[in-house]
Amino acid sequence: MIETVSLPGKTTMIPIKRQQTIINHLLTVKVASIIELAEMLDVSSMTIRRDVQKLELAGRVVSVSGGVTISTELMKEPSHLDKRDMQRDEKEAIAREAEKLVERGATVYLDAGTTTLAFARRLAKHRAGDSDLLVVTNDLVITTYLIENSSLRLYHIGGLVVRENRSCAGDGAAKALKALNIDVAFISTPSWNTRWLSTPDSEKSPVKKAAVSSSVKRVLLTDSSKYGKLGAFKAVPTTSLNLIITDDNLAEGAREALREQGVELIIAEVPGKKRRGKRGS
């Protein structure tokens, strides 16, 4: 049965029409609050929240502080040099939480990225005595750093070299990863939402898929600035993850949407910011 909304003095509007009206409005104003949308459509805030939830699950909008906005298409991933100075405090906070998940003697996969690089630095500093810990990675910078700053066991999976991100990707890298048994895969992404991790580079999707299929536990390490962005190529479903570790800038609406999907969250507290709570499920 199709839900309809009766607006006093106005034509009845079905949900799909109402949701398209929300999209059209956001294309003009960029960001709108729930109250603003409810007043515009003359419906309850609860009705708008349901509409926003459906649009967010479809990947068309994203919850942000203060309301909702259109999802942003990511045309090209920033280079390693560009990313290394972005959200440094957030990456350090995420790395601190990630380190707590590594058991002694484990085999862990570190996906290419500057958040996983921050994590690798913590492993080098705090897990130096764990001679049985094996770090598997496709990241050339992580490999070089751990060679020079630790005695941890290392396995680089090889593959097609992506110069801008100083990593390896493609089917060759994925095949090498599928041959391994990983205890915990720490996965990175340039863009994600409640449904998918995505990437603008088709060569990176097979590696992330292989990391998920080869691992007992799958953990996404990502700062909140990447939430709501869309790459052209789907990598892995968000629901295939066991856990997401992100920072406390992630909007409450996004947190609620992820929890309703059954995805566990650890919210890393960034020093100097008001605490909002660390864990949700």
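The values are calculated or read from the model by the stated rules, or taken from the named source; none is laboratory data. These numbers were taken from a predicted model, which means no experiment stands behind them. Heads up, the Cβs are rebuilt from the backbone with ideal geometry, glycines too, and the neighbour counts pull from every protein chain shown. Areas reflect the complete protein model, heavy atoms only, side chains present, ligands, DNA and RNA absent. Shrake-Rupley method; radii C 1.70, N 1.55, O 1.52, S 1.80 Å.
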Just how far, in whole angstrom, is segment 103-125 from segment 190-258 if you go by their alpha carbon centroids?
17 Å
According to a simple spin-label model (label point 7 Å from Cα along Cα-to-Cβ), what is the distance in nm between A179 and L154?
2.0 nm
Using alpha-carbon coordinates, inclination of helix 140-149 to the longest axis of the chain, degrees:
50 degrees
Most fluctuating residue of T115, T72, T199 in a GNM of the chain with Cα springs under 10 Å: which is it?
T72
Local net charge near I70, Cβ-Cβ under 9 Å (Lys/Arg +1, Asp/Glu -1)
+2
Looking only at T47, T143, T189, which one moves most when the chain is put into a Gaussian network model with springs between Cα atoms under 10 Å?
T47
Per residue accessible area in Å² of the chain, where ligands, DNA and RNA are left out and the probe is 1.4 Å:
47 Å²
Taking a cut-off of 14 Å between Cα atoms, list the aspartates and glutamates near K226, but don't count ones fewer than 8 places away on the same chain.
E73, E77, E90, D247, D248
Near V212, within a Cβ-to-Cβ distance under 12 Å, what is the net charge of the other residues, with Lys and Arg +1 and Asp and Glu -1?
+4
On C-alpha positions alone, give me the angle between the axis of helix 45-57 and the longest principal axis of the chain, in degrees, nearest 10.
40 degrees
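Please compute the length gained on full extension between E269 and S45, using 0.36 nm multiplied by the number of residues separating them and subtracting their Cα-Cα distance. Walk me through the numbers before you get to the answer.
Values: separation 224, 0.36 × 224 = 80.64 nm, distance 2.98 nm.
Net length gain for the segment: 77.7 nm.
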